[in-house]
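For reference, the structure is listed below as structure tokens.
The values are calculated or read from the model by the stated rules, or taken from the named source; none is laboratory data. None of the values given here were measured: they were computed from a predicted structure. Don't worry about glycine lacking a Cβ; one is built from the backbone with ideal geometry, like all the others, and counts go over all protein chains shown. These area figures cover heavy atoms from the full protein model, side chains too; ligands, DNA and RNA do not enter into them. Shrake-Rupley method; radii C 1.70, N 1.55, O 1.52, S 1.80 Å.
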Amino acid sequence: MNRNIIVLDTTLRDGEQVPGAKLNVQQKIEFAQQLKRLQVDIIEAGFPASSKGDFQAVQEIARAMGDTVTITALARAVKSDIEAVYESIKIAQNPFIHIVLGTSNIHVEKKFNRSKDAVLEMGVEAVKYAKTLLPHVQYSTEDASRSDFEYLWKTIEAVVKAGATMINVPDTVGYAVPEEFGELIRKINERLKNLNDKVILSVHCHNDLGLATANTLSAIKNGAEKVECTINGLGERAGNTSLEEVVMGLKVRENYYHCSTRIQTTELVRTSRLLTHLTGLDVQVNKAITGENAFAHSSGIHQDGLLKDKNVYEIMSPEEVGVESMELILTARSGRHAFKNAVEKMGFEIGDANEFEQLFAKFIALADLKKEVYDHDVFYLVAGHRAEAVSDSRLYELESFQVVTNDLSPTATVALKRGGEVLKGSEVGDGPIDALYGVIKSLSGLDVSLKHYKINSISRGKEAVGRVNIQIEYGGKTYSGRAMDTDIIKASAIAFLNGINAALLEKTQESMEEGARAK
Ligand code: KIV
Ligand code: ZN
């Protein structure tokens, strides 16, 4: 009989730590709703002690999704972090607290500068405290793969005795190799089952050597019952274990692993595309399962073989991961039903009837203009509409612009709206984007510097849509902005404004928090 493997998705916690992948609350909820359709068992929604914004996002996700999916969030082994997790997830039906503390010599000596016994005691106290708040507590032995085994086990034994119900073994720096990591999990599992066979053994791998999926599968083979992954393998540095790879690895090689998951695999590609749209971070074309070429056969020999029998070169079908229905081509004649279907396929929840009619009117206007409407157009339409709905008087909007480019003095003239005020200005730059960004920067009065600018075409033919991703630095922090439009100058302006708005929102949030603390 197959063993069931529990899948925890940490895209919204470990994945979101990636520079440029920051999502707002609305986007996080949109993504969490798609994770629910994908049927992940657990969503790790964030790190609430890291900022007020993260706390609120975790709370919103727990409120919106906590009745059907298990919700957790991360805490360091300190009371205030544990309280922040508890307060943000307690509304969910079956929440648990996730505590992390290092076990490797380098973490104990360099990060904490304490004795091994003192660090172990910190972990035990943290678990005991978390248990006073919730019945389920996960303990992560950070940097486990580089830890001295006897100290690692001593820690696991102590935290299980203190009440931990899940032990997570992370390969934090992606140092592990499959045979060795599998052996580590086998040894831990053997002792853990003797100690308390109710405690769940979990793994969490990083991809620095490109081995995260292999290490995770090897851990499963050796007894791991739960895996922590992210969509598209998004995560720190080279990323985390890719959820879609592990899930399909188990499904396709069920004869070897004898394990299965609850994941609705036909939602995999849709989830991957939604994340790409939300973060602006593309998946490499040859990425397993979700890359654009993952099911494309170009060599003549392969095509010939496939025409004779699909199984000649195909180990899984594109339909199984949800590829077949991804490309949506709508026209002005597509009715409400087709449009509703397209919105849902992009991973959005349909709002009330009133909102739907507003969206449909926008869709008809777009279809008249573009003739053919693709999935990214639908995405942009809905995301843009929802962003307008939460328009905030602190934020800048593009009212109008004109850019004149030549090799003497490229000039941009821009009008921005902020609340009831309209600000206008002109500036000359080295090129059209330099002029455009120069005038927006002057009008905002913020000393931001552009660190990264990227433009991609995400459509075909003459109706091509340009997607612009930017990163700016302001007050020592990095903020990103994205926008899509058939007019790439307009997309460039809006992306830059979105970056500035992200910085403004964070700064006002921080001053509100300071104000509250001062009272
Ligand atoms: O990589 C890591 O060690 C982590 C832990 C919090 C599980 O992300
Ligand atoms: Zn991690």
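Given the criteria more than 23 Å from Leu281 (Cβ to Cβ) and either modelled with pLDDT of 95 or more or not basic (Lys, Arg) (or both), does Asn255 qualify? So Asn255 passes the test.
Among residues belonging to segment 109-126 that are of a type in the set (A, V, I, L, M, F, W, C) and touching a residue at least 40 places away in the same chain (Cβ under 8 Å), point out the one that is most open to solvent (accessible area, probe 1.4 Å). Full working, then the answer.
Filtering segment 109-126 down to residues of a type in the set (A, V, I, L, M, F, W, C) leaves 112, 118-120, 122, 124, 126.
This time we only want the ones that are touching a residue at least 40 places away in the same chain (Cβ under 8 Å), so: 122, 126.
Numbers: Met122: 41, Ala126: 5 Å².
Among those that are of a type in the set (A, V, I, L, M, F, W, C) and touching a residue at least 40 places away in the same chain (Cβ under 8 Å), it is Met122.
Quick one: is Pro48 open to solvent by less than 50 Å² (accessible area, probe 1.4 Å) and more than 15 Å from ligand 2 (Cβ to nearest atom)? It is true that Pro48 is open to solvent by less than 50 Å² (accessible area, probe 1.4 Å) and more than 15 Å from ligand 2 (Cβ to nearest atom).
Looking for whichever is in a loop (DSSP other than H, G, I, E, B), modelled with pLDDT of 95 or more and open to solvent by 60 Å² or more (accessible area, probe 1.4 Å) here; the options are Lys198, Lys154. Which one fits? Quick ask: steps written out before the conclusion?
Values: Lys154 fails: in a loop (DSSP other than H, G, I, E, B).
So the residue among Lys198, Lys154 that is in a loop (DSSP other than H, G, I, E, B), modelled with pLDDT of 95 or more and open to solvent by 60 Å² or more (accessible area, probe 1.4 Å) is Lys198.
Among the residues of segment 224-231, is there at least one that is assigned by TED's automatic domain parsing to the domain that holds Thr261, within 15 Å of ligand 1 (Cβ to nearest atom) and charged (D, E, K, R)? Within segment 224-231 (the criterion being assigned by TED's automatic domain parsing to the domain that holds Thr261, within 15 Å of ligand 1 (Cβ to nearest atom) and charged (D, E, K, R)), the answer is yes, since at least one residue qualifies.
When segment 233-250 is examined, which residues are found to be of a type in the set (Asp, Glu) and either within 16 Å of ligand 1 (Cβ to nearest atom) or open to solvent by 10 Å² or more (accessible area, probe 1.4 Å) (or both)?
Glu236, Glu245
From the list Leu274, Leu268, the lone residue that is at pLDDT 95 or above and in a helix (DSSP H, G or I) is Leu268.
Glu30: within 16 Å of ligand 2 (Cβ to nearest atom) and in contact (Cβ under 8 Å) with a residue 40 or more places away in the chain, yes or no? Break it down into steps so the answer makes sense when it comes.
On the way: within 16 Å of ligand 2 (Cβ to nearest atom): no; in contact (Cβ under 8 Å) with a residue 40 or more places away in the chain: yes.
The answer is no for Glu30.
Checked against (1) surrounded by 12 or more Cβ atoms within 10 Å (Cβ to Cβ); (2) at pLDDT 85 or above, Asn286 passes all but condition (1).
Among the residues of segment 158-176, at least one is open to solvent by 50 Å² or more (accessible area, probe 1.4 Å), at pLDDT 95 or above and more than 14 Å from ligand 1 (Cβ to nearest atom). State all residues of segment 234-275 that are more than 24 Å from Phe348 (Cβ to Cβ) and within 16 Å of ligand 2 (Cβ to nearest atom); if no residue qualifies, say none. Of everything in segment 234-275, those that are more than 24 Å from Phe348 (Cβ to Cβ) and within 16 Å of ligand 2 (Cβ to nearest atom) turn out to be Gly235, Glu236, Arg237, Ala238, Gly239, Asn240, Thr241, Val246.
Restricted to helices (runs of 4 or more DSSP H) entirely inside segment 20-96, those with at least 2 residues that are within 13 Å of the chain's Cα centre (by Cα) are 25-38.
Filter segment 251-274 down to the residues that are open to solvent by less than 20 Å² (accessible area, probe 1.4 Å) and under 15 Å from Val40 (Cα atoms) and list them by number. Once the filter is applied, which keeps residues that are open to solvent by less than 20 Å² (accessible area, probe 1.4 Å) and under 15 Å from Val40 (Cα atoms), segment 251-274 yields Ile263, Thr265, Leu268, Val269, Thr271, Ser272.
Test of understanding: among Ala353, Ala342, which residue is open to solvent by less than 60 Å² (accessible area, probe 1.4 Å) and not assigned by TED's automatic domain parsing to the domain that holds Val269? Explain how you work it out, then say what you get.
Numbers: Ala353 fails: open to solvent by less than 60 Å² (accessible area, probe 1.4 Å).
Being open to solvent by less than 60 Å² (accessible area, probe 1.4 Å) and not assigned by TED's automatic domain parsing to the domain that holds Val269 holds for just one of Ala353, Ala342, which is Ala342.
For Ser145, state whether it is of a type outside the set (A, V, I, L, M), surrounded by 22 or more Cβ atoms within 10 Å (Cβ to Cβ), within 31 Å of the chain's Cα centre (by Cα) and not in a helix (DSSP H, G or I). Full working, then the answer.
Working: of a type outside the set (A, V, I, L, M): yes; surrounded by 22 or more Cβ atoms within 10 Å (Cβ to Cβ): yes; within 31 Å of the chain's Cα centre (by Cα): yes; not in a helix (DSSP H, G or I): no.
The answer is no for Ser145.
Scan segment 365-381 residue by residue and report those that are part of a helix (DSSP H, G or I) and surrounded by 14 or more Cβ atoms within 10 Å (Cβ to Cβ).
Leu366, Ala367, Lys370, Asp375, His376, Asp377, Val378, Phe379, Tyr380, Leu381
Before we move on, is Ser140 surrounded by 21 or more Cβ atoms within 10 Å (Cβ to Cβ), more than 14 Å from ligand 1 (Cβ to nearest atom) and polar (S, T, N, Q)? Judged against the criteria, Ser140 is not a match.
Of the residues making up segment 207-232, those that are open to solvent by less than 10 Å² (accessible area, probe 1.4 Å) and either within 14 Å of ligand 2 (Cβ to nearest atom) or within 13 Å of Ser145 (Cα to Cα) (or both) are Ala212, Asn215, Thr216, Ala219, Val227, Glu228, Cys229, Thr230.
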